[in-house]
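Student: The following block contains the structure, expressed as structure tokens.
The values are calculated or read from the model by the stated rules, or taken from the named source; none is laboratory data. Predicted model, so just to flag it, every value in this text is computed and none were measured. Don't worry about glycine lacking a Cβ; one is built from the backbone with ideal geometry, like all the others, and counts go over all protein chains shown.
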2 protein chains.
Amino acid sequence: MNDTFLKACRGEKTDYTPIWIMRQAGRYLPQYLEVRARGKGTFLDLCKDPARCTEVTLQPVDIFGMDAAILFSDILIPMEAMGLTLEFHEGKGPVFPDPIREQRDVDGLIIPDPEETMPFVLATIKLLRAELKVPLIGFSGAPFTLATYLIEGGSSKVFLETKKMMFRQPQLYHALLEKITRCTSLYLQAQARAGAQTLQIFDSWAGILAPCDYARFALPYVQTIISDLRRTTDVPIIYFANNGATLIEHTSTCGADVLGLDWRINIKDGVARVGDHAVQGNLDPLALFLPEKELQNRVRKLIDDARGARGHIFNLGHGVVPQTPPEQVKIVVDCVHEYSARG
Amino acid sequence: MNDTFLKACRGEKTDYTPIWIMRQAGRYLPQYLEVRARGKGTFLDLCKDPARCTEVTLQPVDIFGMDAAILFSDILIPMEAMGLTLEFHEGKGPVFPDPIREQRDVDGLIIPDPEETMPFVLATIKLLRAELKVPLIGFSGAPFTLATYLIEGGSSKVFLETKKMMFRQPQLYHALLEKITRCTSLYLQAQARAGAQTLQIFDSWAGILAPCDYARFALPYVQTIISDLRRTTDVPIIYFANNGATLIEHTSTCGADVLGLDWRINIKDGVARVGDHAVQGNLDPLALFLPEKELQNRVRKLIDDARGARGHIFNLGHGVVPQTPPEQVKIVVDCVHEYSARG
């Protein structure tokens, strides 16, 4: 197995900089769209079909030579398992028709047994491990990010309901977060048991919080999950707080091995501030629209700027967008491999 | 006249910390909604009616005792004056049905004479100056932010078209930005001539750019406008790059007197990084939903954290949201005045 990615996560010396990209199995790939069309079901149906999940997870590894695979799934799957109705509306994203607003809503949530309620995820992990020659990343959402969807009833712009609950009903907020945290902790442990070799926690909306609120309303739950994981597995843990440049002082205490950085921060500044962590990131996903030579120059500069890190996993600073030409992804992967191997 | 705000902008000693809040004339105020309903026209109609603009601009000053008034208008008004069709769609925000995508689109834009094309703005400024006992802030969008609306045809999430143009057709992008810059420069100069006593430049979308792209595709145009203004007026200039914590190294070279900070950064860190500038900000607009005592504690801490600044103008870190109870705004204004006066 190619364990370059795992070594970089642990801060060990590698022969080159490993790369994978967020949403690498996804809509920018014609091969993914083909599998999606073949099944005829919804996005959620795809997430629950281990054979097709395995197929789309393998695609970017086979096509581009990525150094890690990431389980094809959605961060909201375990929220559905908690007893909530989850829908995906075209052009609007995820919708929870019955948002969490009161104590009885929180009381109604169950802590699901992952083996019983999400066997398709664990089956996918097992199928993938039998096929893969690179490490498999399992993942979850971070409790704060998951809570925003439950409280808002879907995506949001200003997160009014979430912050209202935080600020005016902190007991209710914390009761909800504790349940989500317990669910997520069990879910990630089950992924590790099934064979996930790294676990990434996505805090997609952390960046809407002032640092003092992040420290109080988001970080403690990430710390709980990671300390639970440390007692039960030794897989490396990656934490990605999107738009989190002003939170690094706090995120660097979360307990993860690797901190993901979004594209808004110069990676050199990020490396200087993350302390003794490996970093993952952070090319602007839209930089994939640069002409070839400029794209390569930007990739090389990013690799050079990250040289001071305890470890560097090349990635985008956020998910690849569906309009991205796949050949541009190939340029980045090849450039990372070639340039970083020169040392 | 109460010139506390102007003194703070210039970094002079003040008896207390002045406050105004972004979007202080707006939908959270029943008095504003009344004026809006009375006119029966669209939002754009209101922007073009000096009598009603004057009325709504005065409201928050009279109701809360704000230390500055900000002209009621919209950053896209001069874009319409450049020859573009501008519409506001309910729930979707501004729409340009004919977005700028090609050289001929840029060629078709005119550099409007503000006196001829936007006389209602200048008339509003004159009416306001006759009424106000606090300074009047004029404003514009920053060229990059304005360009995103023109290129995308409205608001956006990932700004694909904007970045595609930047990265693949930089000549076209720069030609567009030069025209917007010239228009904005003339527009702000006309506002100063009409009586605006401070000018704020809103770069609402600066935060979507990686620092290297901000330095190349956004900052130079702000610098041009500010150096144009310095030759023609001595009013203080405020520059607000929203979500701009990672850009401060660059934004602090823009030439403004005051840098606005959004709520994502601890203001203490902001103050340490802005160099010899006054700062404006930066309470989370949603913190206005905190219970009274906690809200006051947060306001006091913010004032203390900003004490090292060359000057501090208290503000929110972004616009007040329409759902905000006006009495919460009153709590903040009173607390800022009382606590900061104690020294």
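Student: Out of all the residues in segment B:153-175, which are touching an Asp or Glu at 6+ places or on another chain (Cβ under 8 Å) and crowded, with 21+ Cβ neighbours inside 10 Å?
Tutor: Listed by number, the residues that qualify are B:Thr162, B:Lys163, B:Met166, B:Phe167.
Student: Would you please name the residue that is nearest to the other protein chains (Cβ to nearest Cβ), looking only at residues in segment A:207-234 that are surrounded by 23 or more Cβ atoms within 10 Å (Cβ to Cβ) and outside any helix (DSSP H, G or I)?
Tutor: Among those that are surrounded by 23 or more Cβ atoms within 10 Å (Cβ to Cβ) and outside any helix (DSSP H, G or I), it is A:Ala210.
Student: Shifting gears a bit: Do the conditions hold for B:Arg273, that is, is it of a type outside the set (A, V, I, L, M, F, W, C), crowded, with 18+ Cβ neighbours inside 10 Å and touching a residue at least 24 places away in the same chain (Cβ under 8 Å)?
Tutor: Numbers: of a type outside the set (A, V, I, L, M, F, W, C): yes; crowded, with 18+ Cβ neighbours inside 10 Å: no; touching a residue at least 24 places away in the same chain (Cβ under 8 Å): yes.
No, not satisfied.
Student: Let me ask something additional. Return a yes/no flag: does segment A:191-202 have any residue that is within 16 Å of the chain's Cα centre (by Cα) and under 26 Å from A:Gln103 (Cβ atoms).
Tutor: Narrowing segment A:191-202 to residues within 16 Å of the chain's Cα centre (by Cα): A:191-192, A:196-202.
Keeping just the survivors that are under 26 Å from A:Gln103 (Cβ atoms) gives none.
No, because not a single residue in segment A:191-202 is within 16 Å of the chain's Cα centre (by Cα) and under 26 Å from A:Gln103 (Cβ atoms).
Student: Please determine, by comparing only the residues of segment A:75-91 that are of a type outside the set (A, V, I, L, M) and out of contact with any Gly (no Cβ under 7 Å at 6 or more places or on another chain), which one is surrounded by the fewest Cβ atoms within 10 Å (Cβ to Cβ).
Tutor: First, the residues of segment A:75-91 that are of a type outside the set (A, V, I, L, M): A:78, A:80, A:83, A:85, A:87-91.
Of the ones still in play, those that are also out of contact with any Gly (no Cβ under 7 Å at 6 or more places or on another chain) are A:78, A:80, A:85, A:87-91.
Details: A:Pro78: 26, A:Glu80: 20, A:Thr85: 10, A:Glu87: 14, A:Phe88: 15, A:His89: 9, A:Glu90: 6, A:Gly91: 4.
If we take residues in segment A:75-91 being of a type outside the set (A, V, I, L, M) and out of contact with any Gly (no Cβ under 7 Å at 6 or more places or on another chain), then A:Gly91 is surrounded by the fewest Cβ atoms within 10 Å (Cβ to Cβ).
Student: Another question, then. Please verify whether B:Glu80 is away from chain A (no Cβ under 14 Å), of a type in the set (D, E, K, R), without any contact (Cβ under 8 Å) to a residue 60 or more places away in the chain and part of a helix (DSSP H, G or I), treating the condition exactly as stated.
Tutor: Working: away from chain A (no Cβ under 14 Å): yes; of a type in the set (D, E, K, R): yes; without any contact (Cβ under 8 Å) to a residue 60 or more places away in the chain: yes; part of a helix (DSSP H, G or I): yes.
It is true that B:Glu80 is away from chain A (no Cβ under 14 Å), of a type in the set (D, E, K, R), without any contact (Cβ under 8 Å) to a residue 60 or more places away in the chain and part of a helix (DSSP H, G or I).
Student: Outside any loop (DSSP other than H, G, I, E, B) and either surrounded by 22 or more Cβ atoms within 10 Å (Cβ to Cβ) or modelled with pLDDT under 95 (or both): does that describe B:Arg38? Walk me through it before giving the result.
Tutor: On the way: outside any loop (DSSP other than H, G, I, E, B): yes; either surrounded by 22 or more Cβ atoms within 10 Å (Cβ to Cβ) or modelled with pLDDT under 95 (or both): yes.
Yes, satisfied.
Student: Oh, and also: Consider segment B:303-323. How many of its residues are crowded, with 17+ Cβ neighbours inside 10 Å and touching a helix residue (DSSP H, G or I) at 6+ places or on another chain (Cβ under 6 Å)?
Tutor: Quick first cut of segment B:303-323, residues crowded, with 17+ Cβ neighbours inside 10 Å only: B:303, B:305-306, B:309-321.
Now narrow it down to the ones that are touching a helix residue (DSSP H, G or I) at 6+ places or on another chain (Cβ under 6 Å): B:303, B:305-306, B:309, B:311, B:313-314, B:316, B:318, B:320-321.
Going through segment B:303-323 one residue at a time, the tally reaches 11.
Student: What helices (runs of 4 or more DSSP H) lie completely within segment A:84-142 and have 3 or more residues being modelled with pLDDT of 95 or more and in contact with a strand residue (DSSP E or B) (Cβ under 7 Å, 6 or more places away or on another chain)?
Tutor: A:119-131
Student: I would also like to ask the following. Pull up segment B:81-132, narrow it to residues that are out of contact with any Pro (no Cβ under 9 Å at 6 or more places or on another chain) and basic (Lys, Arg), then point me to the one that is nearest to B:Tyr187 (Cα to Cα).
Tutor: Top of the filtered list is B:Arg129.
Student: Taking A:Thr251 as the residue in question, decide whether it is under 19 Å from A:Phe159 (Cβ atoms), of a type in the set (Val, Ile, Thr) and touching a strand residue (DSSP E or B) at 6+ places or on another chain (Cβ under 7 Å). If you could, list the steps in order and put the result at the bottom.
Tutor: Working: under 19 Å from A:Phe159 (Cβ atoms): yes; of a type in the set (Val, Ile, Thr): yes; touching a strand residue (DSSP E or B) at 6+ places or on another chain (Cβ under 7 Å): yes.
The answer is yes for A:Thr251.
Student: Could you tell me which residue of segment B:41-77 is farthest from B:Ser155 (Cα to Cα), considering only residues that are assigned to a loop (DSSP other than H, G, I, E, B) and β-branched (Val, Ile, Thr)? Reasoning before the result, please.
Tutor: Kept after step one, since they are assigned to a loop (DSSP other than H, G, I, E, B), are these residues of segment B:41-77: B:41-42, B:48-49, B:65-68, B:71-76.
With β-branched (Val, Ile, Thr) added as a condition, the list becomes B:42, B:75.
Numbers: B:Thr42: 19, B:Ile75: 13 Å.
Among those residues, the one meeting the criterion is B:Thr42.
Student: Now for a different question. Kindly indicate whether any position in segment B:172-190 is aromatic (Phe, Trp, Tyr), within 14 Å of another protein chain (Cβ to nearest Cβ) and touching a residue at least 12 places away in the same chain (Cβ under 8 Å). Spell out the reasoning first.
Tutor: The first filter runs over segment B:172-190 and keeps only residues aromatic (Phe, Trp, Tyr), leaving B:173, B:187.
Now restrict to residues that are within 14 Å of another protein chain (Cβ to nearest Cβ): B:173.
Keeping just the survivors that are touching a residue at least 12 places away in the same chain (Cβ under 8 Å) gives B:173.
Taking every residue of segment B:172-190 in turn, at least one turns out to be aromatic (Phe, Trp, Tyr), within 14 Å of another protein chain (Cβ to nearest Cβ) and touching a residue at least 12 places away in the same chain (Cβ under 8 Å).
Student: Out of all the residues in segment A:203-226, which are small (Gly, Ala, Ser) and within 18 Å of the chain's Cα centre (by Cα)? Full working, then the answer.
Tutor: Taking segment A:203-226 first, the residues small (Gly, Ala, Ser) are A:204, A:206-207, A:210, A:215, A:218.
Within segment A:203-226, A:Ser204, A:Ala206, A:Gly207, A:Ala218 qualify.
Student: Shifting gears a bit: Output the residues belonging to segment A:117-137 that are polar (S, T, N, Q) and either more than 19 Å from the chain's Cα centre (by Cα) or closer than 18 Å to A:Thr4 by Cβ (or both).
Tutor: The first filter runs over segment A:117-137 and keeps only residues polar (S, T, N, Q), leaving A:117, A:124.
Residue satisfying the conditions is A:Thr117 alone.
Student: If you don't mind, there's one more thing I want to ask. Can you say whether B:Ala142 is over 16 Å from B:Gly244 (Cα atoms) and more than 14 Å from chain A (Cβ to nearest Cβ), as far as the supplied structure shows? Write out each step before concluding.
Tutor: Numbers: over 16 Å from B:Gly244 (Cα atoms): no; more than 14 Å from chain A (Cβ to nearest Cβ): yes.
Spelling it out, it is not the case that B:Ala142 is over 16 Å from B:Gly244 (Cα atoms) and more than 14 Å from chain A (Cβ to nearest Cβ).
Student: While we're here: Within segment B:8-30, can one find any residue that is in contact with a strand residue (DSSP E or B) (Cβ under 9 Å, 6 or more places away or on another chain), of a type outside the set (A, V, I, L, M), buried (at least 19 other Cβ atoms within 10 Å of the Cβ) and not in a loop (DSSP other than H, G, I, E, B)?
Tutor: yes
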